[in-house]
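Here the structure is laid out as structure tokens; the discussion comes afterwards.
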Amino acid sequence: MGSNFSKDGCFHFPTMDERNLNTLRNYLCNYNPPQGCVDYINILLFGMVGAGKSSTINTFLSALDPQGATITCVPTGDSPGSLTPELRSYRAGCLKFWDTAGWNSLENSDRTKRVLQMILEGRVPKETNLKHFNPDSDVSNYPIIRENVIHGVAFIFDINTMDSISADKMKEFQELQTVVAQKYVHRVVIGTKFELLQIPEKYNARIYEYKLLQQKFETLAEHTGMERRSMFVVSNQWRGDQIEMIRCILALYVLDNMVRNIDRFLKAV
């Protein structure tokens, strides 16, 4: 398996042990936003239909739980209401996660960009059905809701099916991440379902060194203009104790990166 791994193309080296798990969890669970901000950080998950947005929120909530409880409050898969037409939020301590409709389900790319921009600005009320939302109406009809302003965006991709995304859709994604960049909102990419890449479970702790994953991130960087160092993976699978610890660390690792970067920006403004 050695030839399938490379540290040269690796940007992330999370330590996969109980001590690091506790360190990451303690920091995130005890985090307080800078004085003068709202009392939580808003993180928007944005991705195509079926990419794993809702499952990733469940993984975040579970990883953040002090008792390590498995939390499945966000409908996923074939469960009723699993397709998310509304803007929904789920809070854990000082972190609030926002779930949305798949960006390829919002009619056309121009409308999708306008909807995203208004969500980022905090102009879309919670529980709004995004398929019925009119982003072309007078902006005064949608005043900024300070508590809803987005501080960070995680673009979610299904790593296993990423290669089948058309060039047009990749271009649309590039335009969407540009909208976020222009708003000076911190952004990352999270790849899901890496388990389907056929990497043996015993090597999951070295997932960022896996050459096939590095190649996928390199392709994504070429198509989108985002840096590979801003790309992470999260596992939404539920397995044994060792895999569970790795799953939690991978989730907390990306959250730690987002929160520290967002915190620096909030303190600077």
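The values are calculated or read from the model by the stated rules, or taken from the named source; none is laboratory data. Note that the structure is a prediction, hence the values are computed from the model and not measured. Cβ: placed from backbone, ideal geometry, glycine included. Neighbour counts: every protein chain shown. Note: accessible area is taken over every heavy atom of the protein model, side chains too, but ligands, DNA and RNA are not part of it. Shrake-Rupley method; radii C 1.70, N 1.55, O 1.52, S 1.80 Å.
Of the residues in segment 31-56, how many are in contact (Cβ under 8 Å) with a residue 12 or more places away in the chain and part of a loop (DSSP other than H, G, I, E, B)? Spell out how you get there, then give the answer.
Within segment 31-56, the first condition is being in contact (Cβ under 8 Å) with a residue 12 or more places away in the chain, and the residues that meet it are 31-34, 37-56.
With the extra rule that they be part of a loop (DSSP other than H, G, I, E, B), the set shrinks to 31-34, 37-40, 48-52.
The number of residues fulfilling the criteria is 13.
Kindly indicate whether any position in segment 164-172 is closer than 24 Å to Ser54 by Cβ, out of contact with any Asp or Glu (no Cβ under 7 Å at 6 or more places or on another chain), modelled with pLDDT of 85 or more and among the acidic types (Asp, Glu). Even if it seems obvious, please write down each step before you answer.
First, the residues of segment 164-172 that are closer than 24 Å to Ser54 by Cβ: 164-166, 169-170, 172.
Applying the additional criterion that residues be out of contact with any Asp or Glu (no Cβ under 7 Å at 6 or more places or on another chain) yields 164-166, 169-170, 172.
Okay, now just the ones that are also modelled with pLDDT of 85 or more, so 164-166, 169-170, 172.
Going one step further and asking which of them are among the acidic types (Asp, Glu), we end up with 172.
So far as segment 164-172 goes, yes, one or more of its residues are closer than 24 Å to Ser54 by Cβ, out of contact with any Asp or Glu (no Cβ under 7 Å at 6 or more places or on another chain), modelled with pLDDT of 85 or more and among the acidic types (Asp, Glu).
Count, please, the residues in segment 68-92 that happen to be at pLDDT below 85 and open to solvent by less than 10 Å² (accessible area, probe 1.4 Å).
Residues that pass the stated criteria total 1.
If you go through segment 175-199, how many residues are open to solvent by 20 Å² or more (accessible area, probe 1.4 Å) and either closer than 21 Å to Asp163 by Cα or among the hydroxyl-bearing types (Ser, Thr, Tyr) (or both)?
7
State which residue pairs qualify: first residue within 19 Å of Arg264 (Cβ to Cβ) and inside segment 169-197, second residue of a type in the set (Phe, Trp, Tyr) and open to solvent by less than 50 Å² (accessible area, probe 1.4 Å) in any location, beta carbons under 8 Å apart, and separation of 6 or more residues or different chains.
Arg187/Phe155; Val188/Phe155; Val188/Phe232
Residues in segment 51-67: is at least one at pLDDT below 95, more than 16 Å from the chain's Cα centre (by Cα), surrounded by fewer than 18 Cβ atoms within 10 Å (Cβ to Cβ) and farther than 25 Å from Glu201 by Cβ?
Yes, segment 51-67 contains at least one residue that is at pLDDT below 95, more than 16 Å from the chain's Cα centre (by Cα), surrounded by fewer than 18 Cβ atoms within 10 Å (Cβ to Cβ) and farther than 25 Å from Glu201 by Cβ.
Do we find a residue being under 17 Å from the mean Cα position of the chain (by Cα) and either closer than 18 Å to Val153 by Cα or open to solvent by 20 Å² or more (accessible area, probe 1.4 Å) (or both) anywhere in segment 211-218?
yes
Hey, Val259 hits all of (1) of a type outside the set (Gly, Ala, Ser); (2) over 21 Å from Ile57 (Cβ atoms); (3) open to solvent by less than 50 Å² (accessible area, probe 1.4 Å) but one; which does it fall short on?
Exception for Val259: condition (2).
Using beta carbons and a limit of 9 Å, which pairs, at least six apart or on different chains, have the first residue in segment 57-82 and on the phi > 0 side of the Ramachandran plot and the second one at pLDDT 90 or above and among the basic types (Lys, Arg)?
Pairs found: Gly68/Arg25.
Of the conditions (1) modelled with pLDDT under 90; (2) more than 20 Å from Phe13 (Cα to Cα); (3) over 18 Å from the mean Cα position of the chain (by Cα), Leu266 clears all except one; give me its number.
Among (1) modelled with pLDDT under 90; (2) more than 20 Å from Phe13 (Cα to Cα); (3) over 18 Å from the mean Cα position of the chain (by Cα), the lone unmet condition for Leu266 is (1).
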